[in-house]
1. Scan around Met106 for amide H atoms under 5 Å from its own, H built in the peptide plane at 1.01 Å from N, and keep only partners 5 or more places away or cross-chain.
2. Solvent-accessible area per residue for the stretch 134-226 at a 1.4 Å probe radius, Å²?
3. What dipole magnitude, in Debye to the nearest 20, does the stretch 62-218 give about its Cα centre under +1 on Lys/Arg Cβ and -1 on Asp/Glu Cβ?
4. What spacing in nm lies between the two simple spin-label points modelled at Lys209 and Lys185, each 7 Å away from Cα in the Cβ direction?
5. For the stretch 77-225, give the percent of accessible area contributed by carbon and sulfur heavy atoms, probe 1.4 Å, rounded to a whole number.
6. Provide the per-residue ³J(HN,Hα) series for the stretch 36-45, in order, calculated from phi with Karplus coefficients 6.51, -1.76, 1.60 and θ = phi - 60°, each as a whole number of Hz, with x at glycine and proline positions.
7. For the stretch 121-226, count the residues as N, evaluate 2.2 N^0.38 Å, and divide the Cα radius of gyration by that value, please.
8. Let me spell out the model: positive unit charges on the Cβ of Lys and Arg, negative unit charges on the Cβ of Asp and Glu, origin at the Cα centre of the stretch 90-174. What dipole size does that give, in debye rounded to 20?
Amino acid sequence: MKKARKHAGFFARKGEKSDLTDHYYSPDPSAESRPSLWQDTLRGFSLTFKTDRGVFSKKRVDFGTRLLIESFSADGPSGPILDLGCGYGPIGLAVAKSFPDRIVHMVDVNRRALELAEENANINGCSNALVYESDGFAGISERSFAAILSNPPIRAGKKVVYPMFEKSFEHLADGGRLWIVIQKKQGAPSALKKLEEIFAEVETVRREKGYYVFCAKKFDSVLRIC
(Lines give C-alpha, C1' and ligand atoms only; values in the text may rest on other atoms or scores of the structure.)
Protein backbone atom coordinates (compact mmCIF):
# COMPACT_ATOMS: atom_id res chain seq x y z
CA MET A 1 0.00 0.00 0.00
CA LYS A 2 1.32 3.42 -0.94
CA LYS A 3 2.13 5.48 2.14
CA ALA A 4 1.31 9.12 2.74
CA ARG A 5 1.95 11.37 5.70
CA LYS A 6 -0.35 11.14 8.72
CA HIS A 7 -3.23 13.62 8.91
CA ALA A 8 -5.79 14.63 11.53
CA GLY A 9 -8.83 13.57 9.53
CA PHE A 10 -10.45 13.41 6.12
CA PHE A 11 -9.95 16.86 4.57
CA ALA A 12 -8.81 18.23 7.93
CA ARG A 13 -6.81 21.45 8.01
CA LYS A 14 -3.21 21.35 9.09
CA GLY A 15 -2.93 21.60 12.86
CA GLU A 16 -6.70 21.29 13.32
CA LYS A 17 -8.08 18.41 15.36
CA SER A 18 -11.35 17.05 14.00
CA ASP A 19 -14.41 17.13 16.26
CA LEU A 20 -15.24 13.71 14.83
CA THR A 21 -12.06 11.95 15.95
CA ASP A 22 -13.70 8.53 16.20
CA HIS A 23 -15.84 8.83 13.09
CA TYR A 24 -15.40 6.64 10.03
CA TYR A 25 -13.04 9.16 8.44
CA SER A 26 -10.61 9.17 11.37
CA PRO A 27 -7.13 7.86 10.49
CA ASP A 28 -7.17 5.16 13.17
CA PRO A 29 -10.66 4.22 14.45
CA SER A 30 -10.65 3.18 18.09
CA ALA A 31 -13.56 0.77 17.73
CA GLU A 32 -12.57 -2.83 18.38
CA SER A 33 -12.10 -4.77 15.15
CA ARG A 34 -14.91 -7.22 14.38
CA PRO A 35 -14.67 -8.02 10.66
CA SER A 36 -17.51 -9.53 8.68
CA LEU A 37 -17.89 -10.83 5.13
CA TRP A 38 -20.89 -10.40 2.84
CA GLN A 39 -21.85 -10.15 -0.82
CA ASP A 40 -23.70 -7.64 -2.96
CA THR A 41 -24.40 -7.01 -6.64
CA LEU A 42 -23.28 -3.66 -8.10
CA ARG A 43 -23.45 -2.70 -11.77
CA GLY A 44 -24.29 -6.32 -12.52
CA PHE A 45 -21.21 -7.73 -10.77
CA SER A 46 -21.37 -10.01 -7.73
CA LEU A 47 -18.85 -8.60 -5.27
CA THR A 48 -17.63 -9.87 -1.90
CA PHE A 49 -16.85 -7.28 0.77
CA LYS A 50 -14.95 -7.63 4.01
CA THR A 51 -15.95 -4.82 6.37
CA ASP A 52 -15.40 -3.90 10.00
CA ARG A 53 -16.35 -1.55 12.77
CA GLY A 54 -15.00 1.98 12.38
CA VAL A 55 -15.80 2.23 8.65
CA PHE A 56 -18.79 3.77 6.93
CA SER A 57 -21.85 1.58 6.29
CA LYS A 58 -20.16 -1.63 7.38
CA LYS A 59 -23.26 -3.88 7.10
CA ARG A 60 -24.39 -2.96 3.57
CA VAL A 61 -23.79 -0.57 0.71
CA ASP A 62 -25.82 2.48 1.74
CA PHE A 63 -28.52 3.84 -0.56
CA GLY A 64 -26.67 7.02 -1.57
CA THR A 65 -23.49 5.16 -2.46
CA ARG A 66 -25.47 2.58 -4.44
CA LEU A 67 -27.31 5.35 -6.31
CA LEU A 68 -24.00 6.98 -7.25
CA ILE A 69 -22.49 3.67 -8.39
CA GLU A 70 -25.45 2.75 -10.58
CA SER A 71 -25.77 6.29 -12.02
CA PHE A 72 -22.13 6.65 -13.07
CA SER A 73 -21.16 6.64 -16.73
CA ALA A 74 -17.64 6.98 -18.10
CA ASP A 75 -18.52 9.58 -20.73
CA GLY A 76 -15.80 12.10 -21.38
CA PRO A 77 -12.05 11.63 -21.70
CA SER A 78 -10.26 8.34 -21.25
CA GLY A 79 -7.85 8.00 -18.38
CA PRO A 80 -7.69 7.14 -14.67
CA ILE A 81 -10.66 7.39 -12.32
CA LEU A 82 -10.59 8.43 -8.65
CA ASP A 83 -12.73 7.12 -5.78
CA LEU A 84 -12.29 9.90 -3.23
CA GLY A 85 -12.96 8.66 0.32
CA CYS A 86 -13.21 5.04 -0.79
CA GLY A 87 -13.97 3.39 2.55
CA TYR A 88 -13.83 -0.39 2.16
CA GLY A 89 -14.22 0.04 -1.59
CA PRO A 90 -17.74 -0.38 -3.05
CA ILE A 91 -17.54 2.58 -5.45
CA GLY A 92 -14.01 2.04 -6.70
CA LEU A 93 -14.31 -1.72 -7.06
CA ALA A 94 -17.64 -1.57 -8.88
CA VAL A 95 -16.10 0.94 -11.30
CA ALA A 96 -12.90 -1.12 -11.64
CA LYS A 97 -14.99 -4.16 -12.57
CA SER A 98 -17.01 -2.14 -15.07
CA PHE A 99 -13.96 -0.58 -16.76
CA PRO A 100 -11.08 -3.09 -16.55
CA ASP A 101 -8.99 -1.02 -18.98
CA ARG A 102 -8.96 1.96 -16.58
CA ILE A 103 -6.78 2.45 -13.51
CA VAL A 104 -9.02 3.29 -10.54
CA HIS A 105 -7.32 5.20 -7.70
CA MET A 106 -8.96 4.55 -4.31
CA VAL A 107 -7.96 6.84 -1.45
CA ASP A 108 -9.03 7.46 2.12
CA VAL A 109 -7.59 8.67 5.41
CA ASN A 110 -9.04 5.78 7.43
CA ARG A 111 -6.29 3.13 7.54
CA ARG A 112 -8.64 0.35 8.60
CA ALA A 113 -10.85 1.13 5.60
CA LEU A 114 -7.81 1.15 3.31
CA GLU A 115 -6.69 -2.27 4.50
CA LEU A 116 -10.18 -3.57 3.82
CA ALA A 117 -10.31 -1.91 0.38
CA GLU A 118 -7.00 -3.46 -0.60
CA GLU A 119 -8.13 -6.88 0.61
CA ASN A 120 -11.45 -6.49 -1.20
CA ALA A 121 -9.66 -5.55 -4.41
CA ASN A 122 -7.73 -8.83 -4.17
CA ILE A 123 -10.82 -10.86 -3.25
CA ASN A 124 -12.69 -9.54 -6.28
CA GLY A 125 -9.80 -9.73 -8.73
CA CYS A 126 -9.60 -5.98 -9.36
CA SER A 127 -5.97 -5.74 -10.48
CA ASN A 128 -6.64 -2.27 -11.94
CA ALA A 129 -7.47 -0.81 -8.49
CA LEU A 130 -4.73 1.27 -6.84
CA VAL A 131 -5.41 1.71 -3.09
CA TYR A 132 -3.46 4.22 -1.01
CA GLU A 133 -3.69 6.71 1.86
CA SER A 134 -4.50 10.35 1.22
CA ASP A 135 -6.12 13.08 3.32
CA GLY A 136 -8.21 14.65 0.59
CA PHE A 137 -5.86 15.31 -2.31
CA ALA A 138 -2.71 15.67 -0.19
CA GLY A 139 -1.27 12.30 -1.23
CA ILE A 140 -2.50 12.34 -4.85
CA SER A 141 -0.02 13.27 -7.58
CA GLU A 142 -2.28 12.51 -10.57
CA ARG A 143 -3.86 15.69 -11.99
CA SER A 144 -5.67 14.42 -15.07
CA PHE A 145 -8.46 12.15 -13.83
CA ALA A 146 -11.20 11.42 -16.34
CA ALA A 147 -13.69 11.14 -13.47
CA ILE A 148 -13.80 11.59 -9.71
CA LEU A 149 -16.54 9.95 -7.64
CA SER A 150 -17.36 10.61 -4.01
CA ASN A 151 -20.01 10.24 -1.34
CA PRO A 152 -18.47 13.15 0.62
CA PRO A 153 -18.26 13.53 4.42
CA ILE A 154 -21.15 16.01 4.63
CA ARG A 155 -21.26 15.95 8.44
CA ALA A 156 -17.80 17.48 8.48
CA GLY A 157 -19.31 20.70 7.14
CA LYS A 158 -19.00 23.03 4.16
CA LYS A 159 -15.54 24.23 5.18
CA VAL A 160 -14.34 20.69 4.66
CA VAL A 161 -16.48 19.54 1.71
CA TYR A 162 -16.44 22.63 -0.54
CA PRO A 163 -12.63 22.71 -0.86
CA MET A 164 -12.99 19.12 -2.05
CA PHE A 165 -15.04 20.39 -4.99
CA GLU A 166 -12.38 22.99 -5.83
CA LYS A 167 -9.51 20.51 -5.58
CA SER A 168 -11.45 18.05 -7.71
CA PHE A 169 -11.58 20.65 -10.49
CA GLU A 170 -7.81 21.04 -10.30
CA HIS A 171 -7.26 17.27 -10.55
CA LEU A 172 -9.57 16.61 -13.50
CA ALA A 173 -8.53 16.44 -17.13
CA ASP A 174 -10.22 18.89 -19.47
CA GLY A 175 -13.65 17.38 -20.10
CA GLY A 176 -13.46 15.34 -16.89
CA ARG A 177 -16.41 14.86 -14.54
CA LEU A 178 -16.93 15.08 -10.79
CA TRP A 179 -19.70 12.75 -9.59
CA ILE A 180 -21.19 13.51 -6.16
CA VAL A 181 -24.14 12.12 -4.18
CA ILE A 182 -25.73 14.28 -1.46
CA GLN A 183 -29.00 14.18 0.45
CA LYS A 184 -31.34 17.15 0.12
CA LYS A 185 -31.60 17.49 3.90
CA GLN A 186 -27.81 17.52 4.17
CA GLY A 187 -27.36 20.44 1.81
CA ALA A 188 -27.80 19.25 -1.77
CA PRO A 189 -29.26 22.58 -3.02
CA SER A 190 -26.39 24.66 -1.59
CA ALA A 191 -23.84 22.12 -2.82
CA LEU A 192 -25.32 22.42 -6.31
CA LYS A 193 -24.88 26.20 -6.21
CA LYS A 194 -21.26 25.78 -5.12
CA LEU A 195 -20.57 23.33 -7.93
CA GLU A 196 -22.09 25.77 -10.42
CA GLU A 197 -19.67 28.45 -9.23
CA ILE A 198 -16.72 26.19 -10.05
CA PHE A 199 -17.66 24.07 -13.05
CA ALA A 200 -18.76 24.99 -16.56
CA GLU A 201 -21.73 22.64 -16.45
CA VAL A 202 -23.52 20.77 -13.65
CA GLU A 203 -26.23 18.19 -14.27
CA THR A 204 -28.59 16.56 -11.79
CA VAL A 205 -28.26 13.01 -13.10
CA ARG A 206 -30.51 11.27 -10.58
CA ARG A 207 -32.88 12.21 -7.78
CA GLU A 208 -34.39 9.53 -5.60
CA LYS A 209 -35.57 9.24 -1.98
CA GLY A 210 -34.09 12.61 -1.08
CA TYR A 211 -30.70 11.86 -2.64
CA TYR A 212 -29.23 13.82 -5.54
CA VAL A 213 -26.48 12.66 -7.89
CA PHE A 214 -24.66 15.60 -9.49
CA CYS A 215 -22.26 15.39 -12.42
CA ALA A 216 -20.06 18.49 -12.71
CA LYS A 217 -18.14 18.83 -15.99
CA LYS A 218 -14.86 20.64 -16.44
CA PHE A 219 -14.26 22.47 -19.70
CA ASP A 220 -11.64 24.97 -20.91
CA SER A 221 -9.67 24.70 -17.65
CA VAL A 222 -11.16 27.86 -16.18
CA LEU A 223 -11.72 27.81 -12.42
CA ARG A 224 -14.52 30.21 -11.57
CA ILE A 225 -13.47 30.95 -7.99
CA CYS A 226 -13.09 34.52 -6.73
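1. Asp83, Leu130, Val131, Tyr132
2. Averaged over the residues of the stretch 134-226, the accessible area is 46 Å².
3. For the stretch 62-218, the charge dipole is close to 640 debye.
4. 1.3
5. For the stretch 77-225, the apolar C and S fraction of the accessible surface comes to 46 percent.
6. 9, 10, 8, 10, 8, 10, 10, 6, x, 9
7. 1.10
8. 320
The values are calculated or read from the model by the stated rules, or taken from the named source; none is laboratory data. Predicted model only: the values in this text are computed from it and were never measured. Counting neighbours? That spans all protein chains shown, and the Cβs are built from the backbone with ideal geometry, glycine included. In case anyone asks, the SASA skips ligands and DNA or RNA and just uses the protein heavy atoms, side chains included. Shrake-Rupley method; radii C 1.70, N 1.55, O 1.52, S 1.80 Å.
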